[in-house]
Amino acid sequence: MSHVFHRQSNAAYPVAVAGDGPWLIDDQGRRYLDACGGAAVCCLGHSDATVREAIREQAESLAYAHSAFFTTRAAENLANHLIARAEAEIPDNRLDKVYFVSGGSEAAEAALKLARQYFLEIGQPTRHRVIARRQSYHGNTLGALSVGGNQWRREPFEPMLMPATHIAPCYAYRDRAEGESEEAYGRRAADELEAAILDLGSETVAAFIAEPVVGATAGAVPAVPGYLTRIRDICDRHGVLLILDEVMCGMGRTGHLFACAEDGVSPDILLSAKGLGAGYQPIGAMLCSARIHDAIAGGSGFFQHGHTYMGHATACAAALAVQRRLHDDGLLDNVGVQGSALRAALEAAFGQHPHVGDIRGRGLLLGLELVADRATKAPFDAAVRLNARVKREAMARGLMCYPMGGTIDGRRGDHVMLAPPFIIGPEHVSEIVEKLGQALAAALESTP
Ligand code: PLP
């Protein structure tokens, strides 16, 4: 009998005991091809020798020192690396300081509080509202959940959530009108932000938060070209901070270290986690502009927020080793090559599938939207739990993929997200598509 409080209490989980490149191995010797990096985490696979060595070295010299007393070389070096990459890769980069935390939700909480405190410091105390999008996920802690737009995750906790305003996502598959160009649709979707700011009164709005590529709620939905540029412009015109959540889509997953670089937009605050430490250590980060940092440094001098493990030396050393591997070994080139190959293979296998409505994403963050009817785009009945069936059938075949149910038009829809490690080759691409095809067929067959 297990004393671990598993999230899904009636599930019999296999016991993972070892990692081997893109494979996980259980205590029965079964091998699972990790086609989703867990939840888009394990970008270097499961047995990277360089990262393991960096962790050992750091732990042997200094595992941890509390951030109220010390900084560490590991945290300083990682921050320097991230800001140097932001400078090199993001057009008109604004990011200059890095605040380390232990995961994505913590990064989101820190960002919401930083936005609020920034406006207090600069003498605009009425700015406290946050605008977010209906199709989004920013974490499971109460602040992050409040701005997230996934109804299913929010519902039980609704009375405990802080107020937030939600606008439409940029979701071309469902929301672009017939005959409407991508540009026109992007403008229309972005303009909802301006309408919301005007409606609330711009003097009350602190920040807008969005994922450049929506991950866990929607299965890899990128914004259409031009959308984020217009969002950036609207935020600037109304003095609203732009927070981009790259917890899932960042750190190279889309083929760029920062997903927003591809959109040509720098946020004021950027959230990172998952691929930052690649699962070797739990770590997240909030990157922010010098303007925000300096308002606090030159004002109260103290950001009123913190956690015990922030700037954890071993986690920072692991993340730096991960980031150096990505950079020095050109792994993002492989994201481009294998991402295109995987997408082409998915199109070939599922492009005409009666229950695959959309194939989308960027780099090695790809998604399939599953529909009951391709013509009407009607989702499957939520009670069928198709995404859970796909996951089960895939695991039985030694494949890990990330199936999800998001809320579409008030109803839950099903997606499968793929986010394999950046070290995969053509043989893994073929195996992913073949086993996913088998799993989907079996899941559909078992559907009542
Ligand atoms: N933000 C995004 C975009 C995410 O995808 C996630 C997790 O899936 C989070 C935030 C929360 O991160 P964590 O689970 O590390 O708290």
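Between Gly330, Gly250, Gly339, where does the largest GNM mean-square fluctuation fall for the chain, given springs only between Cα atoms within less than 10 Å?
The residue that fluctuates most here is Gly330.
Apply the Karplus parameterisation 6.51 cos²θ - 1.76 cosθ + 1.60, with θ equal to phi minus 60°, to every residue of the stretch 71-77 and state each ³J(HN,Hα) to the nearest whole Hz, in sequence, with x for glycine and proline.
Listing the rounded values in order: 9, 10, 4, 4, 5, 5, 5 Hz.
How many nm is it between the label spots at Asp294 and Leu142, if each spot is 7 Å from the Cα in line with the beta carbon?
Those two pseudo-labels are separated by 3.6 nm.
Write out the chymotrypsin sites (Phe, Trp or Tyr not before Pro) in the stretch 5-54 meeting two conditions: DSSP loop, and at most 15 other Cβ atoms within 10 Å of their Cβ.
Hits after loop and neighbour filter: Phe5.
Would you grab the residues whose amide H sits under 5 Å from the one on Ala285? Only those 5+ places off in sequence or on another chain, please, with H modelled 1.01 Å from N.
Under 5 Å from the amide H of Ala285: Val101, Ser272, Ala273.
Report the antiparallel proportion of the DSSP beta bridges in the chain as a percent, rounded to a multiple of 5.
So the antiparallel bridges in the chain amount to around 70 percent.
Kindly list the residues of the stretch 300-328 that lie in the label zone of Phe70, defined by a backbone N under 11 Å from the point 7 Å along the Cα-to-C-beta vector.
Taking a point 7 Å out along Cα→Cβ of Phe70, the residues of the stretch 300-328 whose backbone N falls under 11 Å are 313-314.
Counting only residues 5 or more places away or on other chains, whose amide H sits under 5 Å from the amide H of Arg133 once H atoms are built in the peptide plane?
Excluding prolines and chain starts, which carry no amide H, the hits are Ile167.
Could you grab the relative contact order for the stretch 115-180? Cα pairs under 8 Å, six or more apart, rounded to a whole percent.
Taking the mean separation of contacting Cα pairs over the length of the stretch 115-180, I get 30 percent.
Past the 28 Å Cα-Cα mark, which pairs from Lys113/Lys391; Lys377/Lys435; Lys274/Lys391?
Over 28 Å Cα-Cα: Lys113/Lys391.
Ordered by residue, what ³J(HN,Hα) values in Hz, to whole numbers, does the stretch 361-375 give under the Karplus form 6.51 cos²θ - 1.76 cosθ + 1.60, where θ = phi - 60° and Gly and Pro are x?
Whole-Hz 3J(HN,Hα) from phi for the stretch 361-375: x, 9, x, 9, 10, 10, x, 10, 9, 9, 10, 6, 9, 5, 6.
Counting DSSP beta bridges with both partners in the stretch 115-270, what percentage is antiparallel, nearest 5? Mind dumping the intermediate values first?
Details: 2 of 14 bridges.
In the stretch 115-270, DSSP labels about 15 percent of beta bridges as antiparallel.
In nm, to one decimal, how far is the modelled label at Gln28 from the one at Leu198, with both set 7 Å along Cα→Cβ?
About 6.1 nm separates the two model spin labels.
Each value in this text was obtained by applying a stated rule to the coordinates, not by laboratory testing. Model, not experiment: these values are computed from the prediction. Here the Cβ is made from the backbone with ideal geometry for all residues, glycine too, and neighbour counts use every protein chain on show.
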